[in-house]
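A quick write-up on the structure given underneath.
Read-outs: derived from the displayed coordinates by stated rules, not from any lab. Because the structure is a prediction, the values reported are computed rather than measured. Don't worry about glycine lacking a Cβ; one is built from the backbone with ideal geometry, like all the others, and counts go over all protein chains shown.
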Amino acid sequence: MNSRASVLQIVAHPDDDLYFMNPATFQGVKAGTPTTTVYITAGDANGENPRPYQQEPVVADRAAYAKARQNGVKAAYAAMVLGDRTAAWKPATLATARGALAEVYSLADAPWVTLVFLNIRQHGTPEGPARSLHVLWRAQTEQVATLAPTGGLVTETYWYTRQDLLASLVQILGIFRPTLIRTMDPDPDRLEHDEKFPQRHDYGNLSDHCDHTAAALFTWAALDHYQGPGDGGTFTVEAFRGYYNERWPHNLGTRAVSLKEFFLNLYGAADGYDCGDPAGSGDYAVGLSARSTGWVQSTAPRHPGGANWLLPDHKGRLTAFAVVNQQAAVWVEAQPGSDQWRGPFLMGGGPLAPGLAASLTPDGRWQVFAERLSHLAADGAHAREIVLLEQSAPGGPFPGWITLGNPSAGDAERDRHVGTPVVARDGKGRLHLFVRNAGQGLHTRIQEADGTWGEWIDLRGYDLQEGLAAVTTPSGKVEVFGASREGVFHWTQSTLDDPLVRAPRFRLSTPAGPCSSVVQPNGRVAVFYRQPDTGQVLMADENAPGGSWATPASSISSRGGFGPVACAAGPATDVGALLATRSDLGGVAYRFLSGDGPWLELPTTTLGGTIAHAPAVAFDGLGRGTIAVVSASGRLAVSRQRGPGSPEFGPWQYAG
């Protein structure tokens, strides 16, 4: 199977990809997927790069430090791809859209791996503004200068205006034609800095470096002008959190953390390796303290959304919903249980954040919910809103998107921090929409059975991580689960006519990332999430339908990985439920809850070596478990159980 995958990563500094996107980066390049990483700034910081165990005073040299970081990141990529940090690179230059020259390096023995250095000064000239990328995004300066790294390919200084940089990123998108774009978090969490959460390198009241945020915002703005990979191909976008990782429970296991740390140690020349460049062999401080920052121990997508984006329609045909080309897309089986799919049907609405929520109305119409990045503002007045696309009739067209607003509407500083939506429908046919709000609590809006919408209601809560789970119990009541720093929070209804309230004494153990939930065939609600510091999957469930949660969450093992756990109830009690997750190896690990069967692995080598976002699972019209992913090629890929009762799944097949 030809994956046709091409990955483009756009980050602020040399090492952002190693800290915040690995192990996904490693999984793709190891599988041979064409991968290009663009470093917008030179990463020159204050120019200080003391050698290991250096005793003499440090002399600041920003040009040398920039070159040392280039040397370090090239060593890390050479090791990731070829297993040889000393592998040769082929140098070249790229004339960007407005004339500035960028440095380009491709691995000589793996030319499909390319590093592009724009080399914008991280902190401006001594006479210019600090935080160059940040002030350029906010239009607080007309232009910023580049830095010529010591002994580099480019020796002149160039200048970038805001439009120059946008045009250059659009140009790079057009050259490499990626199917998967990775970037940093455009909307980092608000954070009250105190003794527990010190300011460190955060900017203002946000929980990340301002360069990371500006790089992400420039990327999202450039994507508005990207025409896609061509030949009918589609693309998807994945944003990763930055310094957030140090302040929440760590979600990676020992294997993944050690792998990330290994490549960061190479980047930092922790073993004293000398590449022969007097500018330096790496970012030496990183090589001695990569794990101490707390950034290595997690990999956290910014928009985890839900993991239930594969659902049967009114005829029993599985239907998949995802964001490609920054639009909502839908695929549908030709017949229930068929290997033939129709789609993708692109339904507009963009630019949408990854992660859609879908619900079938009682009369068989689809409703699709998303978060729209409505306005990426230079002045900080960002706009994000929850939007809805509703089918006019079962199997019919979707007339157009409508906005459901934002709990923080009117507050420009808080508007951008709304989370991706999740939904559930109660026993009276009312649709409950939930989002994490800017204060890291829970907000809801309810659509009555007659189609009218109520106002936003604050359900309280605090310290919620992104990624909620909502479920409808056999009694028709809606329940919501959210992961906080303290444990799993639970909102429920006493009766169908009562509002949801948070159960004050409900305390499942501390989660590392989003929760997922399902009603099992026996009627009991179950919750799944990852255990801190191991990546293992924990499970908790009621002792009876509608009963108490007396038993603590316990490990059902896993193969590591990060992101939500997809879950779907089987068609019978003896089947239980099907689970699937991203794994440490880059594949999709799955298991059935019935019996003591082990976790098995579906490799993703043919899909580009990795996937985007979380997998989804469902049971088709023939009772077969089905796993769906968005591949690195931006396409929907599906694997089906070989037959009801079989522990094995067949090969990946592209849909549509």
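The residues packed around Asn437, meaning those with a beta-carbon under 15 Å from its beta-carbon, carry a net charge of -3 if Lys and Arg are +1 and Asp and Glu are -1. The gain in end-to-end length when the Leu622 to Thr155 segment is fully stretched comes to 161.6 nm, 0.36 nm per residue minus the alpha carbon separation. With R₀ set to 25 Å, the beta-carbon distance separating Glu486 from Ser548 gives a calculated FRET efficiency near 0.80. Classify the stretch 458-558 from the C-alpha gyration tensor, please: rounded if a/c falls under 1.5, else prolate or oblate depending on whether a/b exceeds b/c. Cα axes put the stretch 458-558 in the oblate bin.
Our helix-only sum for the chain, with -39,500 (n - 2.57) per DSSP H run of n ≥ 4 divided by its residues, gives a mean residue ellipticity at 222 nm of -4000 deg cm²/dmol. In terms of the mean number of neighbouring beta-carbon atoms within 10 Å, the peptides 391-402, 142-153 order highest first as 142-153, 391-402. Judged by the mean number of other Cβ atoms found within 10 Å, the most tightly packed of the peptides 28-40, 564-576 leads the ranking 28-40, 564-576.
Other residues lying with their Cβ under 11 Å from the Cβ of Val565 contribute a combined charge of +3, Lys and Arg counting +1, Asp and Glu -1. Kirkwood Rh over Cα pairs of the chain into Stokes-Einstein at 25 °C, 0.890 mPa s: D in µm²/s? Estimated via Stokes-Einstein, D reaches 98 µm²/s. Within the stretch 594-626, which residues have the backbone N less than 13 Å from the label spot 7 Å out from Glu648 along Cα→beta-carbon, could you tell me? Within reach of a label on Glu648: 601. Peptides 195-206, 74-85 ordered by packing proxy, namely the average of other Cβ atoms within 10 Å per residue, highest first: 74-85, 195-206. Rounded, prolate or oblate: which one fits the stretch 303-410, using the alpha carbon gyration tensor with axes a ≥ b ≥ c (rounded when a/c is under 1.5, else prolate when a/b beats b/c, else oblate)? Judged from the Cα gyration tensor, the stretch 303-410 comes out prolate (a/c at least 1.5, a/b above b/c). Each Lys and Arg adds +1 at its Cβ and each Asp and Glu adds -1 at its Cβ; summed about the Cα centre, the chain shows a dipole of about 1080 debye. Computed extension length for Ala383-Leu288: 30.1 nm, one decimal, from 0.36 nm per residue of separation with the Cα-Cα distance subtracted. In the stretch 533-656, the ratio of gyration radius to Kirkwood radius, Rg to Rh, stands at 0.98 when only Cα atoms are counted.
Rg then Dmax, both in Å and based on the Cα atoms of the stretch 411-654: 18.0, 53. The residue among Trp599, Ser583, Ala358 whose Cα reaches farthest toward the positive pole of the charge dipole of the chain, with charges on the beta-carbon of Lys, Arg, Asp and Glu, is Trp599. Stretched out straight at 0.36 nm per residue, the stretch from Ile556 to Arg460 would grow longer than its current Cα-Cα span by 31.5 nm. For the stretch 291-306, putting each phi into the Karplus relation 6.51 cos²θ - 1.76 cosθ + 1.60 with θ = phi - 60° gives couplings of 6, 5, 6, x, 7, 6, 7, 9, 10, 10, x, 5, 10, x, x, x Hz, in residue order, rounded to whole numbers and with x for Gly and Pro. Rounded to the nearest 10 degrees, what's the angle between the helix 162-176 long axis and the longest principal axis of the chain, both from Cα atoms, 0 to 90? Long axis of 162-176 versus the principal axis of the chain: about 70 degrees.
Sort out for me the Cα centre separation of the stretch 174-235 from the stretch 580-645, rounded to whole Å. If we compute the Cα centre of each part, the gap is 28 Å.
Compute the long axis of helix 254-267 from its Cα atoms, compare it with the longest principal axis of the Cα atoms of the chain, and write down the angle in degrees, 0 to 90, nearest 10. Here the helix axis deviates by roughly 20 degrees. Angle of helix 62-82 to the longest C-alpha principal axis of the chain, folded into 0 to 90 degrees and rounded to 10: 50°. Converting phi to 3J(HN,Hα) with the Karplus coefficients 6.51, -1.76 and 1.60 and the offset θ = phi - 60°, the stretch 609-617 yields x, 7, 10, 9, 6, 9, x, 10, 9 Hz in sequence order, with x at every glycine or proline. Cross-link partners for Lys74 among the lysines, with Cα-Cα distance under 17 Å and sequence neighbours closer than 8 places in the same chain left out: Lys30, Lys90, Lys260. Scaled against 2.2 N^0.38 Å for its residue count N, the alpha carbon radius of gyration of the stretch 7-293 is 0.94.
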